[in-house]
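Asker: Please see the structure below; I have some questions.
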Amino acid sequence: MSDENDEDSEEWEEEERTGGTLSFVTTFFSGVVSGFLRNLGCFRRVNMLNVPSQSFPAPSSQQRVAPAGQSGRNKVALKPGHSLMDWIRVAKSGRDLTGLKGRLIEVTEEELGRHNTREDCWTCIRGMVYNISPYMEFHPGGEEELMKAAGIDGTDLFDQVHRWVNYESMLKECLVGRMAVKSSTGIKAPKKDSMTHLNGLSLPPPPSSMAPPVGLAPPSPSAPQQPAAAPPPTKDARPRYDWFQTDATVNLVVYTKRKIPSTGCTIVDLQGGVLRLEVLLGKMSYMLHLRLAQDVQPSVAVQTASAVGTVQLILRKQARGTWPELGQPLDSHDSLLRRKDRGFFYRECVLVSKSEVTHDTLVFRLQLPQGTLLHVPTGKHVYLKARIQDSEVVKPYTPVEQTLMPAGHAPPDPAGSAPTPLPDSSPQGAGPDLFLMVKVYPDGVFSPHLNSLETGDRLSVSNPDGPFSLRPLRDVTHLYLIAAGTGFTPMARLIRLALEDLANLRKTKLMFFNRQERDILWRSELDDLAAKEERFQVDYVLSQPCDRWMGMKGRVDATMLADFLVRPEGSSCYVCVCGPSPFTELAVRLVKQQGFSEEEIHAFQG
């Protein structure tokens with residue numbers, strides 16, 4: 001089986017607990033609090049509002065959002081006139097949304113606790129206090145979810161759902177002020193031999209040999225140009241790096257000190273002489289960030305030795321010769337952080353093509369820039385970011401493969417519902433193109449913008465994200481996939497992976513819910529795959545079928561799942577669910593009623 005998403009070797013990383021949820025809007029408008037405060041001149045009036053700069057999206061949070069395949073429809077029914085765009089209009093109307101007539105105040109914990117009702121609801125997110133009462137009726141998750149953070153610090157609740165949401169921008173007109181900072185005494189300087197604390201991990205400071213200076217002189221020209229030897233065993237679990245060069249190349253070697261996947265764990269961005277290399281290590285992330293000393297060609301190459309845990313990046317020099325140093329460190333260079341604490345990084349991708357899948361769904365092909373290597377593991381998603389009506393909007397989407405058919409099968413009939421495979425046009429040094437299957441909603445915010453783009457237009461694309469792991473599938477014999485609408489997108493790559501790489505799987509079954517026949521995504525490919533692969537089965541269910549439909553009808557219920565979720569004797573089963581939030585919640589509840597445990601179910605949350 002593929003070792004993609006392999007996280008078993010990270011015994012050293014801390015376990016994380018999932019608490020309650022606080023659902024925030026999944027798209028939002030631009031602007032940051034610091035700029036807002038600066039424009040008001042409030043730094044001159046209120047000295048304590050030294051607003052910390054925030055990365056975008058805000059770090060220190062856990063991602064649990066709807067993958068791209070989901071419709072993004074509201075979790076609760078909103079009143080007419082309470083959409084995202086309506087909230088944007090309210091925020092720009094000039095109304096006093098704080099009740100303080102433009103004043104910014106310092107808020108004590110006691111004062112915050114007094115504002116805990118529906119009509120007077122304040123909450124704190126990362127040290128900043130907002131009056132969220134005006135936003136209550138606009139919140140897709142409903143008032144009940146927001147009230148969980150009423151009168152308290154809601155940072156943890158917020159982080160457990162949408163760490164990518166730019167709340168500073170969305171709630172900037174609701175800003176009340178900053179939490180009062182409690183004074184602390186008796187802080188002593190650490191001893192030289194004290195442990196270094198890094199995001200909850202206690203790590204001994206690395207020996208000087210473990211982190212060579214960025215400007216370290218290269219080996220003598222007479223010395224053989226070979227990669228640096230692996231370091232001797234050490235109790236320090238922190239990765240380290242080294243570099244060496246030839247007359248034509250510069251080579252960086254990262255020693256992760258653990259077994260790593262052979263693909264999908266390294267992200268490289270080389271733009272304008274700045275190198276950003278991130279190695280994904282389970283729930284952790286190790287990053288090198290440098291402005292290189294001299295020019296290099298835009299193409300990059302990575303070699304991974306998974307068994308010994310090394311990653312080697314090869315850069316080709318623009319001019320042959322010897323570099324006196326590697327370059328200068330930039331923000332977060334040589335850092336090890338939890339992935340959820342690492343801010344998202346975006347790169348500009350080019351729209352290569354868009355092709356119809358159904359009457360309202362298209363596949364958008366995005367080309368990564370030269371100098372970028374980016375692999376999106378199965379079950380993960382990326383974020384697209386664009387400016388729409390002078391507002392910055394972000395939306396998660398799950399990539400699909402160019403075709404559903406595994407290797408070894410003939411491509412589908414070009415006249416079918418799937419897009420015809422395109423020749424590979426990725427430039428040298430770029431990773432594979434991204435294919436995103438998107439349903440266009442006429443009343444949506446992001447999908448109409450996508451549909452309006454022309455070939456050659458650009459979109460910002462983030463690093464991969466999401467909690468899904470392939471680890472539970474290692475010993476599974478029967479994989480059940482339950483999808484509704486564009487909740488099919490994460491299932492598409494799972495199906496292909498199951499048939500190509502998961503030899504232990506005896507059966508993969510998909511129950512696919514749609515309104516009408518014309519809404520079924522990649523139907524011809526699914527039918528063709530089911531006819532050729534005895535290990536794959538697909539059942540279609542329509543809620544608004546035509547008279548000639550002979551298949552299953554209705555909505556997800558216990559009876560149809562009882563027939564679908566069969567447990568053969570001696571089998572090990574796993575269920576994945578994806579669709580609009582109400583569908584997902586109901587389906588998971590019904591699956592549990594069939595005797596499946598939490599550990600046997602993964603819901604791509606909406």
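Asker: Give the residue, chosen from GLU569, GLU500, GLU517, that is open to solvent by 40 Å² or more (accessible area, probe 1.4 Å), acidic (Asp, Glu) and under 28 Å from HIS359 (Cβ atoms).
Answerer: When all the criteria are applied, what remains is GLU517.
Asker: Considering only region 65-79, I want to know if a residue exists there that is open to solvent by less than 20 Å² (accessible area, probe 1.4 Å) and at pLDDT 80 or above.
Answerer: no
Asker: Tally time: how many residues in region 281-296 are touching a residue at least 40 places away in the same chain (Cβ under 8 Å) and either assigned to a strand (DSSP E or B) or in contact with a helix residue (DSSP H, G or I) (Cβ under 7 Å, 6 or more places away or on another chain) (or both)?
Answerer: 11
Asker: What tally of residues in region 261-315 results from selecting those that are among the β-branched types (Val, Ile, Thr), farther than 24 Å from HIS381 by Cβ and modelled with pLDDT of 95 or more?
Answerer: Count: 3.
Asker: Still on this structure, please answer the following. Restricting to strands (runs of 3 or more DSSP E) lying wholly in region 90-142: which have 2 or more residues that are modelled with pLDDT under 85 and either more than 18 Å from SER169 (Cα to Cα) or open to solvent by less than 10 Å² (accessible area, probe 1.4 Å) (or both)?
Answerer: none
One line per residue, one yes/no per condition, for (1) assigned to a loop (DSSP other than H, G, I, E, B); (2) free of Cβ contacts under 8 Å to residues at least 12 places away in the same chain; (3) surrounded by 12 or more Cβ atoms within 10 Å (Cβ to Cβ):
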| residue | (1), (2), (3) |
| --- | --- |
| MET511 | no, no, yes |
| LEU526 | no, no, yes |
| TYR540 | no, no, yes |
| GLN544 | yes, no, no |
| ASP547 | yes, yes, no |
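Asker: Using the structure shown, decide if ASP563 is over 29 Å from HIS381 (Cα atoms), open to solvent by 40 Å² or more (accessible area, probe 1.4 Å) and of a type outside the set (A, V, I, L, M, F, W, C).
Answerer: Yes; evaluated as a whole, the condition is true for this residue.
Asker: Can we say LYS532 is over 31 Å from the mean Cα position of the chain (by Cα), touching a residue at least 40 places away in the same chain (Cβ under 8 Å) and surrounded by fewer than 20 Cβ atoms within 10 Å (Cβ to Cβ)?
Answerer: yes
Asker: For GLN303, work out the one condition from (1) in contact (Cβ under 8 Å) with a residue 40 or more places away in the chain; (2) assigned to a strand (DSSP E or B); (3) surrounded by fewer than 20 Cβ atoms within 10 Å (Cβ to Cβ) it doesn't fulfil.
Answerer: Failing condition for GLN303: (1).
Asker: Moving on to the next point. Condition test on VAL556, is it over 26 Å from THR358 (Cα atoms) and either touching a strand residue (DSSP E or B) at 6+ places or on another chain (Cβ under 9 Å) or outside any strand (DSSP E or B) (or both)?
Answerer: Values: over 26 Å from THR358 (Cα atoms): no; either touching a strand residue (DSSP E or B) at 6+ places or on another chain (Cβ under 9 Å) or outside any strand (DSSP E or B) (or both): yes.
The answer is no for VAL556.
Asker: Pick from region 143-158 the residues that are among the hydrophobic types (A, V, I, L, M, F, W, C) and touching a helix residue (DSSP H, G or I) at 6+ places or on another chain (Cβ under 8 Å): which of them is most open to solvent (accessible area, probe 1.4 Å)?
Answerer: Among them, the one singled out is ILE152.
The values are calculated or read from the model by the stated rules, or taken from the named source; none is laboratory data. Everything numeric here is computed off the predicted structure, so don't read it as measured data. Here the Cβ is made from the backbone with ideal geometry for all residues, glycine too, and neighbour counts use every protein chain on show. Heads up: the accessible areas ignore ligands, DNA and RNA and are worked out on the full protein's heavy atoms, side chains in. Shrake-Rupley method; radii C 1.70, N 1.55, O 1.52, S 1.80 Å.
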